[in-house]
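The values are calculated or read from the model by the stated rules, or taken from the named source; none is laboratory data. Predicted model, so just to flag it, every value in this text is computed and none were measured. Methodologically, a virtual Cβ is constructed for each residue, glycine included, from the backbone with ideal geometry; neighbour enumeration extends over all protein chains shown.
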Amino acid sequence: MDDQRQHQIAVIGAGPAGLMAAEILSAAGMAVTVYDRMPSPGRKLLMAGRGGPNLTHSEAFETFATRYGAASERLRPILEAFSPAALVAWAEGLGEQTFTGSSGRIFPRTMKASPLLRAWLRRLGGQGVELRTRHDWLGWDDKGALTFRGPDGPVTVKPDATVLALGGASWAKLGSDGSWSVPLETRGVGIEPFQPSNCGFVADWSPLFRARFGGTPLKGIALRFEGQSARGDAVVTHYGIEGGAVYALSAALRDAIERDGKAVLEIDLRPDMTRSRLTDKLSRPAKGQSLATFLRKATHLPPVAVNLLREAGDLPSGGALAALIKGVPVTLTATQPIERAISTAGGVSLDAVDDDLMLRALPGVFAAGEMLDWEAPTGGYLLQASFATGVAAARGVLAWLAARKAID
């Protein structure tokens, strides 16, 4: 048996980051066991794949790397080492061909996550990875061994290295509830407070607007806030607004609400039409039409958009109405609760890990995936960073073991 096979590695968390770490480590000859609290692996990946698993994005890397906000500088070398192109090649190596959608997002051609996951688990099994489900990680005992609540009772394990890939805090039913933060804080690991990310926001709609338009999409709009912008779709909900375009600005909106108690989002209802062009169309005679009919015919605004204008107050005319269409203000006063968010900010502070993602307070323990304190909008960025940090943590384990062997 290869000498390296003697190294026993525990990977805790069977999501994209954990499984990717297991793949890299087992391919390098490590004996890898993956533990997960749920009955089956990859549950959040399968949930994300219900509408088509958006693996990554095709935009230029320089732009791609900026999508991670405050964490961009730390994540950049990790994303360069396992880039969107590398992720596509990896998926296709599992037999899952991909395609790029009109938005630049990259999907498997099957538009399903389950075939990809099945092929991946077959590869991992072929590489000797052992999967132990229904193992709830509790922390460490006083001898430094990992402790679990297993299906048949307590389990203790003392591996040569550990990769933690336990997810964020917004999907408790899929295994990600952030409870792992307690044993880490107890061991001196810096933890940033959890916050909702890629979430909906509360707006004080009138009862009539809420009743009539709750659940109605706003398509082909553009959003602006504090110098940032996003194009796409959103959905008017009974509580406020959500959707892809909103998620792209969610970090800035959330932080403004925390700071100021509110955030005023501007919605451009016709981003494909200039203000001057709109002014020209709105200056033509209405010829006895109702305002709603006139707006629909002159600007092709749907009823939800016309009534959103009314939510801003009495409607002006001409150039002032054109300006309102190009930037109707919506005051947001709160985020939706963290359990309703697609992802979370917060978790293991990036200052708490070294460049190889090893916890500074716990040598030999590495962290990967959404449990690290980074956030990004939907659109492939979440999965890309989860896969890439899994690769980085695994390579960190190999480098750390090699360094120890050299010293010994």
**Prompt:** Would a scan of the range 48-55 turn up a residue that is within 27 Å of residue 341 (Cα to Cα) and modelled with pLDDT of 95 or more?
**Reply:** yes
**Prompt:** If you check residue 119 against the conditions, is it outside the structural domain of residue 258 (by TED's automatic domain parsing), in contact with a Leu (Cβ under 8 Å, 6 or more places away or on another chain) and closer than 20 Å to residue 43 by Cα?
**Reply:** yes
**Request:** Inspect all residues belonging to the range 56-70 and state whether any of them is of a type outside the set (Ser, Thr, Tyr), part of a helix (DSSP H, G or I), touching a residue at least 40 places away in the same chain (Cβ under 8 Å) and closer than 30 Å to residue 401 by Cα.
**Result:** no
**Prompt:** Has the range 153-172 got at least one residue that is small (Gly, Ala, Ser), out of contact with any Asp or Glu (no Cβ under 9 Å at 6 or more places or on another chain) and either at pLDDT 95 or above or over 28 Å from residue 366 (Cβ atoms) (or both)?
**Reply:** yes
**Asked** Does the range 23-42 contain any residue that is crowded, with 21+ Cβ neighbours inside 10 Å, within 20 Å of the chain's Cα centre (by Cα) and not in a loop (DSSP other than H, G, I, E, B)?
**Response** no
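Residues of the range 354-401 being among the hydroxyl-bearing types (Ser, Thr, Tyr), modelled with pLDDT of 95 or more and assigned to a loop (DSSP other than H, G, I, E, B), which ones?
Applying the first criterion (among the hydroxyl-bearing types (Ser, Thr, Tyr)) to the range 354-401 yields 378, 381, 386, 389.
Okay, now just the ones that are also modelled with pLDDT of 95 or more, so 381, 386, 389.
Correct list: empty.
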**Message:** Could you go through the range 320-336 and let me know if any residue there is in contact with a helix residue (DSSP H, G or I) (Cβ under 9 Å, 6 or more places away or on another chain), within 27 Å of residue 173 (Cβ to Cβ) and modelled with pLDDT under 95.
**Reply:** no
**Request:** Using the structure shown, decide if residue 119 is within 26 Å of residue 250 (Cα to Cα) and surrounded by fewer than 17 Cβ atoms within 10 Å (Cβ to Cβ).
**Result:** no
**Prompt:** Restricting attention to the range 215-238, does a residue exist that is among the polar types (S, T, N, Q) and within 20 Å of residue 70 (Cα to Cα)?
**Reply:** yes
**Item:** Residue tally, condition of a type outside the set (S, T, N, Q) and assigned to a strand (DSSP E or B), over the range 216-262
**Value:** 19
